[in-house]
Every structure is written in structure tokens, then in C-alpha cells.
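Data block below; observations after.
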Amino acid sequence: MLTTKTVILKMDCSDPDLLDRTVRTYTEGMNYVSAIVYNFGKPKGSAALQKIVYPALRGQIGLKSQMSCNVVRQVTGTYRTLQAQVRAKKTGWQQITYAPTSMTFSFGRDFSLDGDKIGLTTLEGRKKYRFFRYPHMERYLDGTWKFGASKLVKHKDGTYYFHLCCERETETREVAESSTFMGVDVGQNFLAVASTTDKKCRFFCGGKAKDLRNIYSTMRKRLQSKGTRSAKKMLKHLSGRERRLMTDMNHRVSKEIVSFAVQNRVDVIGLEDLSGIRDRPDAPKKRRYAHHSWAFFELQSFIEYKAREKGISTVYVDPAYTSQTCPRCNHISKNNRNGRSFVCECCGHSLHADLIGARNIESRARTYRYTLEVQGCSQPPGRELST
Ligand SMILES: [Zn+2]
């Protein structure tokens, strides 16, 4: 399966004049070619079109050779999409006009990467620009990913960003052929708890972030009760900061979880399907809040995509009573739980209470595999992700 990811690099560009001119000229080329294709009445093959427009793109308009090729390819692509929509009677044949806000580059042809510099072919030849190389980008830049056609984009704030398209072929084992599972319970006393089929487990506490979250929530309450203008401003600032901290933490913890899975040769990670958890009668109030907050969805989706990169699939299981079910005899009761300890009132099985969720999720993921086997299909439907 081809995994693709767009990494957005913020460029450190004090003098955007040359880039502005380059993008403008490129767009002029796009609109020139667009008019020709429009008048022709249907998309033309890239090679044939290239022959017709190349002299003007290089001469009158003044594009570099590789830019001319990209222009032709991009315009052809847009008109092919348009043609498909026309055939589906969704729209009519029309002339497409491009705005001078973005430009496509091909890796190795007109863009290159070197450390924290990006080399771009401009109207004045190859220029190097520094970009902000943040830690979360490292794994895409470590040589294991290939780069596809990427875009230089001028955002509304006037700054240039490079939308780097990263691709990698990954093989995920089919769920029905898997033997080692791992359940991940998110957002109770620990940020996450993982437990594998071989009963290896680990607690992920997320460091200081959890305390910070409590501090923020107290501050927020105080500010909300004030209701003044400056308090509102402070609140907004707070939520942005808190969000970034949680996202950083989710990146870190999901990475740890997936590497724990890799160490233990896990094939499938089981997560709770938390959509709709709010209405569950068995979810205590605190947990209901925690589960409904975006941070836990984010953590799950980070785990999912980082796992996929390592060839590990993810299944989402029913979260009902995962914290009250005995992993040995399946007896469900609130009384099984008493604070930090779990003792099954039916069979006497006892375990650290924080582990129960992960154990049950692991077991449900494993059960899911047998169901799939019986039904003769091998891949579960994925959860729809908003990210
Ligand atoms: Zn039991």
C-alpha cells in the first residue's frame, strides 16, 4: 500500500520578490496553456500539447524547461478531472483560470533538499532557501521516504510554504493472518496503557502534560468566571498553547507506543471506537469528558498512521464495559473494580485495574480476527478520520 503524507515546510524567506515573480510567470504559463486546451474543447495528451506550447512557454513567457513540462502536466491533469466531471454531468466545459499563489515542483528536476535548505529552480536559476526543520518532520526526511511532485504555496499571511509530498510503499499484514495483537487503552489514569497477546504491557504517562492539563483547566474556569475582554483574550491564547502542548505530547507518546509494538512484533493494534462514547451508560463522567475531547482522537489517529508506516494495522473495537469486564471469564460488573485494583467477583481473577481496559481491547481485537476468518474477509473497515 502506498502511504502518502504532505509535510508543510515553512520557508525562511526574507526577500520573496524572486519567488513572487517566478510563481507569477509560472501561473501566466498555466493560464496560457489553459486557454489553448479550453479552445481545443477537450484535454490533449501531454506530449502533443507540449509540442504546441513549448516554444511560447520558453520564449515569450520565459519559463525554464522543467517548469514548462510541469505546466503542461498540471494543466492536462486539471482538464482531465474537468472532463470526468463533465461526463458525469456535474459541470459544463469551462476555461480554468489559475491564481498566482502556487507552483508545482518535481523532485530531482527542479527542487532538492539538503539539511535545512531547499533548492528551487527560479527564473534566475537554482536558489537555496532555508526552511524551519522541526523534530516532527525528521522521520520523513531520514531517507526512507521518496518525494513526489510538491507545491510551493503562498499562504494568506504572505509567507511561502513548501508542501512536500512524501511517499512510501508499506506492507501491512492482513488482520486475518495476524497472530500478535496489542490493545491500547487511552485516557484513563494513564494517558495510554498497552498490553499484547503475550501479556507484555506498558504504561504511558505522557510526562508533565497531564498535570499541565489540570492547571490549564483550573485557569480556564477562573478566566471564564471573570468574563472580561482581557480574560477572553487570555482564554484564546491559552487554548492555542494547550493544544500545541497536547499535540506535541501525542506525537511523542504515539511514537513510543508504536515502537513498543514493533519491539514485541505486534501485527495488529486494537483501539476503542470512541465515536458515540458520550451516551454510554457505563462511562463515568470524568472519562466521558476525557474521551470526548479531541486530544484522545488525535492520539488514536497518530497511533494509527505511525503504525501503518511500520506495517502494523489498526482495528477499532466496541468500547462497552472494557473497564468492567473480567478478561478471564468475561463476567461484567461494576463490583469487579475497586479503585486501583480489579478482582473478578465471579472467578476471583485479579489484576492492576488500569490494565484491564488494554487487556480487554487486545482480546476484542483478537476476537475480531476470528470473526473475519469465519466471514472470509480479511480487512476491517477503517475508521473515518477527520485529520
Ligand atoms: Zn472472572
Going through the stretch 332-365 in order, the residues found to be farther than 23 Å from Val184 by Cβ and not hydrophobic (A, V, I, L, M, F, W, C) are Ser333, Lys334, Asn335, Asn338, Glu345, Gly348
Residue check for Gly206: crowded, with 18+ Cβ neighbours inside 10 Å, farther than 30 Å from Trp145 by Cβ and modelled with pLDDT under 90: no
Expected single match for buried (at least 18 other Cβ atoms within 10 Å of the Cβ), within 27 Å of Gln66 (Cα to Cα) and among the charged types (D, E, K, R) among Lys154, Lys128 is Lys154
Considering residues that are open to solvent by less than 40 Å² (accessible area, probe 1.4 Å) and over 18 Å from Leu49 (Cβ atoms), the number found within the stretch 59-91 is 1
Legend entry - Leu2 of a type in the set (A, V, I, L, M, F, W, C) and surrounded by 14 or more Cβ atoms within 10 Å (Cβ to Cβ): no
For Lys89, the lone unmet condition from (1) modelled with pLDDT under 90; (2) in a helix (DSSP H, G or I) is (2)
Scanning the stretch 53-99 residue by residue, those hydrophobic (A, V, I, L, M, F, W, C), closer than 23 Å to Thr22 by Cα and touching a Phe, Trp or Tyr at 6+ places or on another chain (Cβ under 9 Å) turn out to be Val53, Ala56, Leu57, Ile61, Leu63, Met67, Cys69, Val71, Val72, Val75, Ile96
For the stretch 302-336 the number of residues that are within 12 Å of the ligand (Cβ to nearest atom) and part of a strand (DSSP E or B) is 2
> Is one or more of the residues making up the stretch 183-201 at pLDDT below 85 and farther than 18 Å from Trp294 by Cα?
Replying inline: no
A careful count of residues in the stretch 339-355 that are surrounded by 14 or more Cβ atoms within 10 Å (Cβ to Cβ), within 11 Å of the ligand (Cβ to nearest atom) and under 24 Å from Leu271 (Cα atoms) gives 5
Sole miss for Met30 among (1) at pLDDT 95 or above; (2) over 33 Å from the mean Cα position of the chain (by Cα); (3) open to solvent by less than 40 Å² (accessible area, probe 1.4 Å) is condition (2)
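The values are calculated or read from the model by the stated rules, or taken from the named source; none is laboratory data. Predicted, not measured: the structure shown is a model, and the values here were computed from it. Positions of Cβ are backbone-derived with ideal geometry, glycine not excepted, and every protein chain shown enters the neighbour counts. In case anyone asks, the SASA skips ligands and DNA or RNA and just uses the protein heavy atoms, side chains included. Shrake-Rupley method; radii C 1.70, N 1.55, O 1.52, S 1.80 Å.
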